[in-house]
Amino acid sequence: MYICMKEKNKIMRIIHISDYHLDKKSANDSATIASMLSETLKSINNEKKIDLILYSGDMINTGGSSYDSIGTAFKGFELIFIDKILKTLNLPKNNFLFTIGNHDIDRNADSKYVEMGLSQTLTTEEEVISFYESKSEEGIKRVLPYKLFEKKFYNKVFSENDYYQSNYESCYKLYIDGLKIGVACLNSAWRCYDSEKDKGRILIGERQITNSYNFLKDCDVKIAISHHHYGWLAEFENTIIDKLLNIHFDIYFCGHTHSNQAEYCIKPDGKLFTFVAPGVLSKNKLTALNDYKNGFSLIDYNLEEAKATSTFYIQEYSSNFRINKEIGKNGVWEINIPVGEEAQKKMQMQCVILDIKEELSLLNEHLLSYNTASQAPKSLSEIFVMPNIVKRKDDIESDEKEDAKETPIKNLAEIISSKNNFVIFGTKEAGKTVLLDKILYDILNVVTGANLIPVLLDFNSIENDITINIRKYWKKNTNETNDLLLNDNIVLLIDNINFEIENINQIQNLSNFLKKFPKTRFIATSLQLYENNFSITPEQQSLLQFERLELKQFKAKQIKTLIQKWFPNSPQYETPKKMNTLINAFMSLNLPRTPFAVSMFLWIIERQQTYRPQNNATLIEKFIEEILDKKNIKGILRDTFDYENKIWLLAEIAHKMLISDQPNYSLPCSDIIKITERHLALRKFPKSYSARKIINGILNLGVFVEEDSVIRFRFNCFFEYFLVKKMETDPEFKKEVLDENNYLKYCNEINYYTGLHRGEAEILKNVVDRLEFDYITINDIVFSKVKSIDDFFHIDKSIVEQIKSEELFELLPDKKTEEESEKESDTKLEHSSDKKEGIIKKKHTNKFIAFGQLMLLAMNVLKNSEEIHEENLKADSYTRILKNSISYVVLYKMICEEIINHFEEFPKERVEEFKFVLRFLPVIHQNLISDNLGTYKLAEVIKEKIEADKVSGNKAVISEFEKFLSVYLYCDIKGDGYKAIMGDFIKNINKTYIADSCFFKLLAYYYSSTTPSDDNSIVNLLADLYIKVNANKNSNKRINKSALIQKFKKEKAELE
């Protein structure tokens, strides 16, 4: 809009502020920031009068949770922030306009059931309009406290014809130096519920904008403000709101991201300035990151000269605000509103972008959840998780640590906003295609100011003349395409770029194209066989200049985020359960933590009735099933060679590979083809079946990998699984695997087999009998030297004895933070990762390691044997395994003590480490048993053993160690009444080393507990343990349990 009237002020000065996040705990810091901000604004105002202050949401923090009420928090914001600024500048209230942010809502006002209902209902703009027009407060109660504050604040400030307020938008008309200014305060927070999941789900609703425009259409300048940029909205609404804002408004202000941005767009529908403000919150006052430091924007909007100037201010630590010279040109961003031919070119660019946006929904077809019955989101914007991308450094010495060669990429904006070319390397199913899709989406919707026209290409489909591909993608003629390529910033998003020698001409064509059109850059993806493996020579890279990025495996944070997105309505406490299921699966199966693999397991978990720990054999079977079935839609031999046919063939190939005993159990591609041809011939399948086509299809599905014309299974667990399938169909092979001379080479196969066939009583008997027989040697050694297990582990003084009563609860660890949980999970995952690529060689090992393998195998087979109903078999097996495991740990301790005592050259610090570990060996062993035998389905067996151990006649033969193992295994699986069983055990402890073991188990439980009731139970049990250990030993240590617990709770409350 262009205004040119002599009596009107040429320049309107606007201050844009956002995200104060007032919190009672940091109110003093917030007040200091308000004072510093006011002083800076005073200086600006002295230079030229400030006409309008716009505040784009998040006045308070987390719904005012630190205050007595949300209303008190809003009043605090008014007194500390608004009043301070208005008084300093001598401005009236109507020159300070604000809107609602996601932290300004009362999240508890709407029930989760109402929220779930709205999430499932408001999935089209028609439904949103219908809900808006219903004027129902059900489902939007969360915004009503804010609306009450808004109503009171502006009471009698505007004349009746110059404003209206609703439970959604509020609109105001102001008169500034002869200009009528209209401001629409849009509500983007009415659908906010969980800040971690809001992006891609929240709504504004087109009625907010059309109603605002109808009220403000007589204004000279029309301004819209919302907390969230429209790029945060649900996919179905994003384009609609973008279009309406461009049609009806001149300037658009938003916040939320705590960073500075500004842009001006000309589109066929209209023209729009967009400004994003940083925050001015107290927790940012010491940040060293420029992108997130406190700041605000000064906008001078020159209507007569048709230009806008934005000056960006930043706060350095706790000092005053200053111009941020690192943004724009010395802190100033200035743009002349294009007119004539320049405007026409801008519009041409926006037409291309709008055409691409209309096709964005097709990207959702690349998602695993798309077109399925899964409850997971079906849109890219909702389900995408920022992957673990690292920047590879060139020319690094080979002995440098791998971590030193990598710099993490924090967000996709780093890649999009860069002027460099990138090739993102990733293994199969690492998420390369979906990543490119999301980069395209963000260029169009999220990264404001990018001014890029994207082109999405598949490298395998690129023509000799790349402009042909681009012209088809943009739907433009040759002249229009060349004009855009010459004058605009273009980014080619190229999937599957390949640097093999046969593709050298395509690479050369791309290089020539980039030279011809220097305003074009590219972001590409390329397949790598393994992580850190780049199949590209310096000569090949010299043809194209690019930076190497690598898609690494998901870390715990990304797995957790995907879980939360996959199960949006799942209770918060369910996430750790699902997380543990996935972590254990990836550790046991040693699968890569790719987005595909994690998504596949989440899909499997979703279809289970319970989230208790999964049987790994079931997980791998479901995983294989999904892999082999997932592309049936595309017709890969579906009608002729189905899932069952593939299973039989792969089992046969796995067996042939085992017999060949080649490195990685691999076979030449020609041999695989011959095996397949023979397999088909024996079954008299039609000769029209192509063995090569079948194998190529399986290769494409990712079951095999091929290197130098040699084929092997992609993962060790795949090879083992198909050997299990061979066991199912070949009795002779099953007999060979279970033979007493071979079975320890096939521990994983036997584990998988019994996990799939859960009633194999003979295998359970066989394995436990062998455990007993082979452990005769251990028992002879142990019990010739050890008369009593409890005496062997005896310690003179318990740690619990040495604690003063007033210090008991001071030893409770701080609760595990999310960051600590993620680090702990990452450590487990990295530790379990097999650094050597390939298939593990099956071989015999030394006797002591074999003892350990047999013990763990027996535990896992019993854990899998759910359907065995032979009387007492499971109970008898459990007891025998437990007793022999104790013998094993005793022998381990004896060997370690011998090493310590007879090897003088052993480093002193290592000796101390050994002694520490040996002292707590009982609790370490209990955790080992829990990891390998812990399943809720054995709860009754374990409980029967606990009850049997109490019988007086057993006291002479049942050690306290043995009782401890059963009690805490039962507690680990949370058997019915486990707290009472643990309490009863603690009251009957007699051994100091068991007291210490109980103490450390209780500390671990407290560290991981997530509910106040569990905390209270653990605190009570700790007090009981302390009283039991110190009873009758020292009268000074007698304590009042109730008083001590109350003291602990009071101190804890004060700290909180």
Looking for something over 16 Å from Gly200 (Cβ atoms), at pLDDT below 75, part of a helix (DSSP H, G or I) and not assigned by TED's automatic domain parsing to the domain that holds Glu196 - is there at least one such residue anywhere in the range 405-414?
yes
List the pairs whose first member sits in the range 821-842 and is among the small types (Gly, Ala, Ser), whose second member is at pLDDT 65 or above and surrounded by 14 or more Cβ atoms within 10 Å (Cβ to Cβ), and whose Cβ atoms are under 6 Å apart, counting only residues at least 6 apart or on separate chains?
Ser825/Ala556; Ser825/Ile583; Ser832/Met587; Gly838/Asn664
Working carefully through the options Asn741, Asn779, Asn766, Asn751, find the one that is under 28 Å from Lys883 (Cα atoms) and exposed (fewer than 13 other Cβ atoms within 10 Å of the Cβ).
Asn741
Total residues in the range 128-167, condition buried (at least 18 other Cβ atoms within 10 Å of the Cβ) and under 20 Å from Met116 (Cα atoms):
7
If you go through the range 657-669, how many residues are farther than 12 Å from Phe713 by Cβ and of a type outside the set (Ser, Thr, Tyr)?
6
Would it be correct to say that Lys765 is more than 25 Å from Leu857 (Cβ to Cβ), out of contact with any strand residue (DSSP E or B) (no Cβ under 6 Å at 6 or more places or on another chain) and of a type outside the set (Ser, Thr, Tyr)?
no
Single residue of the range 481-506 satisfying the filter (hydrophobic (A, V, I, L, M, F, W, C) and surrounded by fewer than 18 Cβ atoms within 10 Å (Cβ to Cβ)) that is farthest from Leu551 (Cα to Cα):
Leu486
Would you tally the residues in the range 974-1013 being of a type in the set (Gly, Ala, Ser) and within 12 Å of Pro922 (Cβ to Cβ)?
2
Residues of the range 661-709 being surrounded by fewer than 17 Cβ atoms within 10 Å (Cβ to Cβ), over 33 Å from the mean Cα position of the chain (by Cα) and assigned to a strand (DSSP E or B), which ones?
Pro668
Which residues, taken from the range 137-165, are without any contact (Cβ under 8 Å) to a residue 12 or more places away in the chain and hydroxyl-bearing (Ser, Thr, Tyr)?
Ser159, Tyr163
Flagged in the range 230-241 as of a type in the set (D, E, K, R) and closer than 11 Å to Glu206 by Cβ, in numbering order, are Glu237
Could you please let me know if Asn451 is at positive phi, at pLDDT below 90 and under 33 Å from the mean Cα position of the chain (by Cα)?
yes
List pairs: first in the range 522-546 and modelled with pLDDT under 70, second part of a strand (DSSP E or B) and basic (Lys, Arg), Cβ under 7 Å, 6+ apart or cross-chain?
Phe534/Arg548
Pick out the one residue from Val390, Val423 that is surrounded by 13 or more Cβ atoms within 10 Å (Cβ to Cβ), modelled with pLDDT of 85 or more, more than 21 Å from the chain's Cα centre (by Cα) and assigned to a strand (DSSP E or B).
Val423
When the range 422-473 is checked residue by residue, the ones that are more than 23 Å from Tyr252 (Cα to Cα), β-branched (Val, Ile, Thr) and out of contact with any strand residue (DSSP E or B) (no Cβ under 7 Å at 6 or more places or on another chain) are Thr427, Val434, Ile462, Ile466, Thr467, Ile468
Quick one: which strands (runs of 3 or more DSSP E) sit completely within the range 247-322 and have at least 1 residues that are within 27 Å of Lys345 (Cβ to Cβ), among the hydroxyl-bearing types (Ser, Thr, Tyr) and modelled with pLDDT of 75 or more?
251-254, 270-276, 295-302, 307-315
I'm trying to understand the selection: among the residues of the range 332-379, which are closer than 16 Å to Ile443 by Cβ, in contact with a strand residue (DSSP E or B) (Cβ under 6 Å, 6 or more places away or on another chain) and modelled with pLDDT of 80 or more?
Val352
Please work out if Lys735 is surrounded by fewer than 20 Cβ atoms within 10 Å (Cβ to Cβ), closer than 29 Å to Leu921 by Cα and among the basic types (Lys, Arg).
no
Which residue is modelled with the lowest pLDDT, if the candidates are limited to the range 158-203 and must be of a type in the set (Asp, Glu) and not in a loop (DSSP other than H, G, I, E, B)?
Glu160
Cβ-Cβ below 8 Å, separation at least six or inter-chain, first residue in the range 111-136 and touching a residue at least 24 places away in the same chain (Cβ under 8 Å) and assigned by TED's automatic domain parsing to the domain that holds Tyr193, second basic (Lys, Arg) and surrounded by 13 or more Cβ atoms within 10 Å (Cβ to Cβ): which pairs?
Leu118/Arg191; Ser119/Arg201; Leu122/Arg191; Val128/Arg207; Ile129/Arg207; Tyr132/Arg207; Glu133/Arg207
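The values are calculated or read from the model by the stated rules, or taken from the named source; none is laboratory data. As the structure is a computational prediction, the values presented were derived from the model and not from experiment. Reconstructed Cβ throughout: ideal geometry from the backbone, glycine too, with neighbour counts over all protein chains shown.
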